[in-house]
Amino acid sequence: MKCEYDVAVEPVTDRGERPARPKPDRVSGGAGRSKTREVRVPGSNRFLSTVTAVAAAAALLGSWSAGAEELAAYQVVDEASIPQPLTDQPGDAARGMDVAVNRKLGNCLACHIMPIEGQPFHGEVGPDLSAVGATYSEGELRLRVVNPKVINPDSIMPAFYRADGLHRVMKQFQGKTVLTAQQVEDVVAYLMTLQGQ
């Protein structure tokens, strides 16, 4: 799945002000997914190329994410899975369970019932994860942790390994992912152990 965006150059008025941001004139792509978005700014017909816009965004994100790890490259297959691990080191299920129950990291218990004793207040918003390892493949679970919105754009589950395209992110967290690539692999290894009774 590839998304391309053309971004308009915003003119500055005589008083040094920027005009109000316009709404997209056209969104195409069908099936609720926009593949190309064209934004027209009054008084300007100049558009940055997709390559230039991506480079500018990368430079901007780079300045925000000083100290953040570089995202591991991955490939989504059939909008259903990420079959290849994000790291060379295999995931550790024990560390994955620690991440899943940590209220400042995975926090899976906020929304999901999990077979973890000694942890009160399991959520009921998301599906029960007690047999998730018997239901999905490793690649399918990896995609659900990395970015569940690829599968379901209306999902309320956060993307744990995504740093771009997010809204209302505190400055200290801009350009950073919730979990590292290794933590994603650890959580996937843990979820694969959940085979039900």
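The values are calculated or read from the model by the stated rules, or taken from the named source; none is laboratory data. Since the structure is predicted, the reported quantities are computational estimates derived from the model, not experimental observations. Ideal geometry is used to build each Cβ from the backbone, glycine not excepted, and the neighbour counts take in all protein chains shown.
If we scan segment 95-109, do we find a residue that is within 17 Å of Leu71 (Cβ to Cβ) and of a type in the set (Lys, Arg)? No, segment 95-109 has no match at all.
One residue stands out in segment 70-107 among those that are touching a Gly at 6+ places or on another chain (Cβ under 8 Å) and assigned by TED's automatic domain parsing to the domain that holds Gly123: the one that is nearest to Lys149 (Cα to Cα), namely Ala100. If the condition is being more than 20 Å from Thr177 (Cβ to Cβ), out of contact with any helix residue (DSSP H, G or I) (no Cβ under 6 Å at 6 or more places or on another chain) and assigned to a helix (DSSP H, G or I), then segment 112-139 contributes Ala134, Thr135.
A count restricted to segment 116-134 and to residues that are exposed (fewer than 15 other Cβ atoms within 10 Å of the Cβ) and modelled with pLDDT of 90 or more stands at 5. Checking Leu109 against (1) in contact with a His (Cβ under 6 Å, 6 or more places away or on another chain); (2) part of a loop (DSSP other than H, G, I, E, B), which test does it fail? Unmet for Leu109, out of (1) in contact with a His (Cβ under 6 Å, 6 or more places away or on another chain); (2) part of a loop (DSSP other than H, G, I, E, B): (2). Each residue in segment 109-135 was checked for being within 23 Å of Ala159 (Cβ to Cβ) and in contact (Cβ under 8 Å) with a residue 40 or more places away in the chain, and 5 of them qualify. A count restricted to segment 146-193 and to residues that are touching a Lys or Arg at 6+ places or on another chain (Cβ under 7 Å), more than 16 Å from Gly96 (Cα to Cα) and buried (at least 18 other Cβ atoms within 10 Å of the Cβ) stands at 4. Regarding Gln172, is this residue in a helix (DSSP H, G or I) and over 17 Å from Tyr74 (Cα atoms)? Answer is yes for this residue. Scan segment 103-113 and give yes if some residue there is buried (at least 17 other Cβ atoms within 10 Å of the Cβ) and more than 21 Å from the chain's Cα centre (by Cα), otherwise no. Scanning segment 103-113, I find no residue that is buried (at least 17 other Cβ atoms within 10 Å of the Cβ) and more than 21 Å from the chain's Cα centre (by Cα), so the answer is no.
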